[in-house]
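Student: What follows is a structure written as structure tokens; I'll ask about it next.
The values are calculated or read from the model by the stated rules, or taken from the named source; none is laboratory data. What you see is a predicted model, and the numbers here were worked out from it, not measured in a lab. All Cβ positions, glycine included, derive from the backbone under ideal geometry; neighbour counts span all protein chains shown. Side chains included, ligands, DNA and RNA excluded: accessible areas come from the protein's heavy atoms. Shrake-Rupley method; radii C 1.70, N 1.55, O 1.52, S 1.80 Å.
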Amino acid sequence: MRVHHLNCGTLRPLGGKLVDGRPGLFRRAELICHCLLLETETGLVLVETGVGTPTVSRPAEWLGADFVRLINPVSDDDLSATTQIRKLGFDPADVRDIVLTHLDLDHAGGLVDFPQARVHVHARELQALEKPADRKEASRYRKVQFSHGPNWKSYRADGEPWFGFDAVRELEGVPDVLIIPLAGHTRGHAGVAVDTGDGWLLNAGDAVFHGGELEQKPHIPFVLGFFESYMQTEKEARLDNQRRLRELVSNNGDEVTVFAAHDATAFERLSQRSRI
């Protein structure tokens, strides 16, 4: 399997190092939307979609005016998954399967660009979209992003153990790709693990917001940590899954590479490694 690392959405909120942990306070921070394009035996698989092409032409409608004002997504068609897939020499129509960690707007916004693909997601996440528990849960999902009618394939919370995690499922028709329940950020949040043939890659999505949370003495920039807590749906589940992710990195870091979806530093490191 060949893995391509794509940034399908750069986010530039105010706050500098209080958000991304890099030097400099009086600047805009840089967060990314880390997606994977997988060349598999069964075809192209996209893990996450980023913000999507409508972000360029109608950002307020697609992402919400508040998100655009506060998070400041970069409007650039070159960042779209479709453009990057074409630059790699593929036709976006050949993406047969998409796997999502969850359905927040910066992870699922690009679904509309792949209307024929099967979309794999945890069943609890699909339930949260279709029957939100309250107004706050409803507000996090942009219904316009799903109005084209995605071809859903959902997975219940049952399956096999995997490196200390339970109820792990292999995707139907997509060998070597697993969906791992990591509830907390959203009700049905999941990680996506890929067997590259040379070790595992685990996109932890928003189960962690910053690579420092995976260290044995976890840390996160102040503003980013506040935002992480504000956006959580299930606090105890989130903290428990973060603990298990740290144990995974500590005990099996030579076998499994874990990364947070918005961590620009991890993206730069992994994308550079994939080109070597």
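Results for (1) more than 21 Å from the chain's Cα centre (by Cα); (2) over 24 Å from His210 (Cβ atoms), shown as yes or no for each residue.
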| residue | (1), (2) |
| --- | --- |
| Thr10 | no, no |
| Lys17 | yes, no |
| Leu31 | no, no |
| Thr40 | no, yes |
| Val45 | no, yes |
| Thr49 | no, no |
| Leu79 | no, no |
| Phe90 | yes, yes |
| Val95 | no, yes |
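Student: Quick check on region 86-121: of everything there that is under 19 Å from Thr42 (Cβ atoms), charged (D, E, K, R) and in contact (Cβ under 8 Å) with a residue 12 or more places away in the chain, which residue is least open to solvent (accessible area, probe 1.4 Å)?
Tutor: Asp97
Student: Please specify each residue of region 129-149 satisfying the condition of being touching a Leu at 6+ places or on another chain (Cβ under 8 Å) and open to solvent by 50 Å² or more (accessible area, probe 1.4 Å).
Tutor: Those that are touching a Leu at 6+ places or on another chain (Cβ under 8 Å) and open to solvent by 50 Å² or more (accessible area, probe 1.4 Å): Arg142, His148.
Student: Looking at region 165-185, I want the residues that are without any contact (Cβ under 8 Å) to a residue 40 or more places away in the chain and have a partner that is open to solvent by 10 Å² or more (accessible area, probe 1.4 Å) and in a loop (DSSP other than H, G, I, E, B) with Cβ atoms under 7 Å, at least 6 apart or on another chain. Which pairs are those?
Tutor: Ala167/Ala157; Ala167/Asp158; Ala167/Gly159; Val168/Gly159; Arg169/Gly159
Student: What are the pairs with Cβ atoms under 7 angstrom where one residue, in region 68-85, is under 12 Å from Leu11 (Cβ atoms) and among the basic types (Lys, Arg) and the other, located anywhere, is at pLDDT 95 or above and not in a helix (DSSP H, G or I)? Sequence gap at least six, or different chains.
Tutor: Final answer for the pair search is none.
Student: Moving on. Six or more apart or on different chains, Cβ atoms under 7 Å: show the pairs whose first residue is in region 204-227 and more than 16 Å from Leu182 (Cβ to Cβ) and whose second is open to solvent by 20 Å² or more (accessible area, probe 1.4 Å) and of a type in the set (A, V, I, L, M, F, W, C).
Tutor: Gly212/Ile220; Pro221/Leu18; Phe222/Leu18; Val223/Leu18
Student: Right, next: Out of the residues in region 177-209 that are of a type in the set (Asp, Glu) and either open to solvent by 10 Å² or more (accessible area, probe 1.4 Å) or touching a strand residue (DSSP E or B) at 6+ places or on another chain (Cβ under 6 Å) (or both), state the one that is nearest to Pro161 (Cα to Cα).
Tutor: Among them, the one singled out is Asp195.
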